[in-house]
Structures are given as C-alpha cells and as structure tokens.
1. With (1) free of Cβ contacts under 8 Å to residues at least 40 places away in the same chain; (2) on the phi > 0 side of the Ramachandran plot; (3) touching a helix residue (DSSP H, G or I) at 6+ places or on another chain (Cβ under 8 Å) as the list, and A136 as the residue in question, which single condition is left unmet?
2. Please indicate, with yes or no, whether at least one residue in region 15-25 is under 28 Å from R161 (Cα atoms) and in contact with a helix residue (DSSP H, G or I) (Cβ under 8 Å, 6 or more places away or on another chain).
3. Out of curiosity, is H71 within 16 Å of E151 (Cα to Cα) and under 16 Å from the mean Cα position of the chain (by Cα)?
4. Can you name the residue in region 112-143 that is of a type in the set (V, I, T) and open to solvent by 20 Å² or more (accessible area, probe 1.4 Å) and is also modelled with the lowest pLDDT among such residues?
5. Could you grab the pairs with beta carbons closer than 6 Å, sequence gap of 6+ or different chains, first residue in region 145-169 and within 16 Å of A19 (Cα to Cα), second one loosely packed, with under 15 Cβ neighbours inside 10 Å and hydroxyl-bearing (S, T, Y)?
Amino acid sequence: MRYRRLRAGELPTATVDLARALIGCVLVRNCPDGRAAGRIVETEAYVLGDPASHAYRGRSARNASMFLAAHRAYVYKIYGTSFCVNVSSEREDEGAAVLIRALEPIEGLRLIERRRHATRVLDLCRGPGRLCQALAIDRDLDGADLVRSRELWLAAAAGNRAAIGVSRRIGIRKAFTRRLRFYERGNPFVSGGKRLSS
C-alpha cells in the first residue's frame, strides 16, 4: 500500500487538537521483516499541567521525549512488560503528549498476528500495549521524529473518518473525569467498554 507522509505543518501542536486530528491518520512501521500499519481510531490527550501526565512533575530521563518539539514519539514501558507510544505536542520544553490507544490494522496482518501470537483481528491492536507489540514499537523508537523517520511515521488519513466521540480517559486515577479521550464512533477496533465507546 502507498501512504502520503504527513508534514509537520499539517498537524496541530496543541494537545487536544492533535488528539482529535490523529483519528483516521495512519501509523506506519517499517522493519527488516516487513511493514505494518494501522489507522488510528482512539487517542488520549495528556495536556499541560495535567496531574495524570508523566510530565506533571517535570522532565526526567524517562519522559524527556515529551519535552521535545511536537510530533516526536514518546515510548515508555508499563507494568514491566508492555510499551505505549505517544505523539509529543505543544512547544519544545513544555511537556505534553497524545497517547495512541488503538489502531485498525490495514497492512501487514500476518506479520502482526505473528508478533501478537493471536489471530482474532479485533484484538490485535486494540489497546496501547497490544498495538506496540503488533508494530514492534519499543524504547529504541523513543524520540523518533514521526514526520521524518523511516522506521515509524504518520501518514494522511485513510478512508472516510466517522464522527469523533469523546469520553473520560481509561485506566488512570488522577483527573480521570476529564473528557480527553477521543475515538472513532462505531469503529469495532476501539478499546474500552461499550459505555465509553458508543
């Protein structure tokens, strides 16, 4: 498949605007064993001054990529087993990002199935840890420029984008009532329960 690489000027830098704009865009991963890609169908915004954000207490070795210029990858490990990938936002040194929560796989399905040790298509990239395993995203990609990298990059929207739904974020305790989760309504690849995705 062919994708049109997004240019930095086509993406917002403001965190909430970026979280919305990424819905429908394609995340592309090139590896020696092949290419895998998926449409972004769910995101969460972690805004400036957000107590649920990794940047809330300032810059550290772990979260340094959140403080880079917008549209860089911030990759971190959770539960000691899974990675999550975010897109940095705002201006350099400010510390904010958008978590990519779910993808609809559109290329490299067999490769994804092999990496995930699973074949149920709906579950291959539903959830941030699963999608990173599916696309072989790990800390080696932390800081990657998502508009210039050859290994991990963002492409223009594929297909017709449905209406965007908004809800509270999932799996956090601080500021959990803030409506900063965005998803493509009616898309079966969105994570979370039906109550949060209708």
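1. (1)
2. no
3. Judged against the criteria, H71 is a match.
4. Among those that are of a type in the set (V, I, T) and open to solvent by 20 Å² or more (accessible area, probe 1.4 Å), it is T119.
5. Between residues of region 145-169 that are within 16 Å of A19 (Cα to Cα) and residues that are loosely packed, with under 15 Cβ neighbours inside 10 Å and hydroxyl-bearing (S, T, Y), the close pairs are R168/T177.
The values are calculated or read from the model by the stated rules, or taken from the named source; none is laboratory data. This is a predicted model, so every value here is computed, not measured. With ideal geometry, Cβ positions are generated from the backbone for all residues, glycine too; neighbour counts draw on all protein chains shown. Ligands, DNA and RNA are excluded from the accessible area calculation, which covers all protein heavy atoms including side chains. Shrake-Rupley method; radii C 1.70, N 1.55, O 1.52, S 1.80 Å.
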